[in-house]
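Trainee: Here it is: the structure, laid out below.
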Amino acid sequence: MTSSDMDYLTIALPKGKLFAPSAEMLAKVGCTAEDLSENSRKLVITNEKEKLHFIITKTADLPTYIEYGAADIGIIGKDVLLEEEKDLYELLDLRFGLCRMMVAVPEALKREKLSDYAHMRVATKYPRIAESFFHSMGIQMEFIKLNGSIELAPMVGLAEIIVDLVETGRTLKANNLLEVATIQPVTARFIANRVSFKLKFDRINRITEELRTLLEGVVIP
Ligand SMILES: Nc1ncnc2c1ncn2[C@@H]1O[C@H](COP(=O)(O)OP(=O)(O)OP(=O)(O)O)[C@@H](O)[C@H]1O
Ligand SMILES: O=P(O)(O)OC[C@H]1O[C@H](OP(=O)(O)OP(=O)(O)O)[C@H](O)[C@@H]1O
């Protein structure tokens, strides 16, 4: 199975928070498979009738599958696209998976201005986004890459500051952290491999337009 098989369209879906809403939205435009489940031990799931393959990947790896053409189209958060900087097409903002990338500090460390945190350590799963944000503000920082539970870092002295996603704010509150700057809002995006978009244009364009129609009137809360 490869995406170079012109008869099939290969769709990449991420494990985790975005899997269910992504699968649900694609199903509404006819892209689904009987046994499509995040917990499937099968990593390639096929719908022979519709000539569709689904692959389920780790969130951070998904843009790589798309860039190399191992999948034709997929859904992934804008955060991952900004961090991974892959060469691909971003076709639509799907308006779900809303959260925001932000900077937070322990309440006890709150300073007046962002530049007052200069030269401190920033823990994050998103070093590129964090670096580019502080660079754009002309503030020099040290960055420490972690893979999760970022809020733990300031509590144990690994870093003073964090750059992470926040949705309800519950995690920040539970760990006595304060948001001191918003970097940008994040939603799920519909993406495509550049070559696939040309070679399988009719199919990909039809799905894009159907998704666009589905999104009409949907406002980001
Ligand atoms: N509250 C939130 N926290 C984190 N990500 C969110 C949130 N709401 C929506 N998202 C979106 O969901 C994606 C992350 O999903 P999830 O945390 O399941 O994946 P992950 O990064 O693979 O996590 P893990 O490494 O813990 O498996 C993000 O890339 C983001 O676009
Ligand atoms: O504002 P909230 O609604 O509390 O959501 C934000 C939290 O959710 C995410 O973590 P996740 O649960 O994905 O775990 P992780 O820290 O291991 O990535 C994110 O990294 C925050 O920690």
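Trainee: Give the order of LEU18, LEU98, LEU62 when sorted by the count of other beta carbons within 10 angstrom, beginning with the fewest. Walk me through the intermediate numbers first.
Mentor: On the way: LEU18 22, LEU98 13, LEU62 27.
By the 10 Å Cβ count, ascending: LEU98, LEU18, LEU62.
Trainee: Identify the residues of the stretch 43-70 with backbone N under 16 Å of a label point that sits 7 angstrom from the Cα of TYR89 along the Cα-to-Cβ direction, or state none.
Mentor: Correct set: 66-70.
Trainee: Something else: Order of SER136, SER37 from fewest to most other C-beta atoms within 10 Å? It would help to have the intermediate numbers written out before the result.
Mentor: Numbers: SER136 9, SER37 15.
Ordered from fewest to most neighbouring Cβ atoms within 10 Å, SER136, SER37 come out as SER136, SER37.
Trainee: Need one word for the stretch 99-184: rounded, prolate or oblate. Basis is the Cα gyration tensor (sqrt eigenvalues a ≥ b ≥ c); a/c below 1.5 gives rounded, then a/b vs b/c decides. Before the final figure, lay out each step's value.
Mentor: Working: a/c = 1.31, a/b = 1.23, b/c = 1.07.
Verdict is rounded for the stretch 99-184.
Trainee: What GluC sites (Glu not before Pro) does the stretch 97-195 have in DSSP loop regions with at most 16 other beta carbons within 10 Å?
Mentor: Values: sites: GLU107, GLU112, GLU131, GLU142, GLU151, GLU160, GLU167, GLU179; in loops: GLU112, GLU151, GLU160, GLU167.
The qualifying sites are GLU112, GLU167.
Trainee: Give me the net charge of GLU131's neighbourhood, meaning all other residues with Cβ under 11 Å from the Cβ of GLU131; Lys, Arg count +1, Asp, Glu -1. Write down the numbers at each step before the final one.
Mentor: Details: positive: ARG128, LYS145; negative: GLU83, GLU142.
Charge balance near GLU131 sits at 0.
Trainee: Right, something else. What residues qualify as long-range amide H neighbours of PHE143, i.e. H under 5 Å apart, gap of 5 or more or another chain, H built at 1.01 Å from N?
Mentor: So PHE143 has HN proximity to VAL122.
Trainee: Further question: Among LYS17, LYS113, LYS51, which comes first, then next, by fewest other beta-carbon atoms within 10 Å? Write out the running numbers ahead of the final one.
Mentor: Numbers: LYS17 16, LYS113 10, LYS51 13.
Ascending number of Cβ neighbours within 10 Å: LYS113, LYS51, LYS17.
Trainee: Right, here's the next one. Can you give me the relative contact order of the chain as a percent, contacts being Cα pairs under 8 Å and 6 or more apart?
Mentor: Details: 408 pairs, mean separation 58.1, N = 221.
Taking the mean separation of contacting Cα pairs over the length of the chain, I get 26 percent.
Trainee: 7 Å from Cα along Cα→Cβ at both SER149 and ARG41: what's the point-to-point distance in nm?
Mentor: So the label points at SER149 and ARG41 sit 2.8 nm apart.
Each reported figure results from applying straightforward, stated rules to the coordinates on display, with no laboratory input. As the structure is a prediction and not an experimental result, all values here were calculated from the model. So basically every Cβ, Gly included, is an ideal-geometry build from the backbone, and we count neighbours across all protein chains shown.
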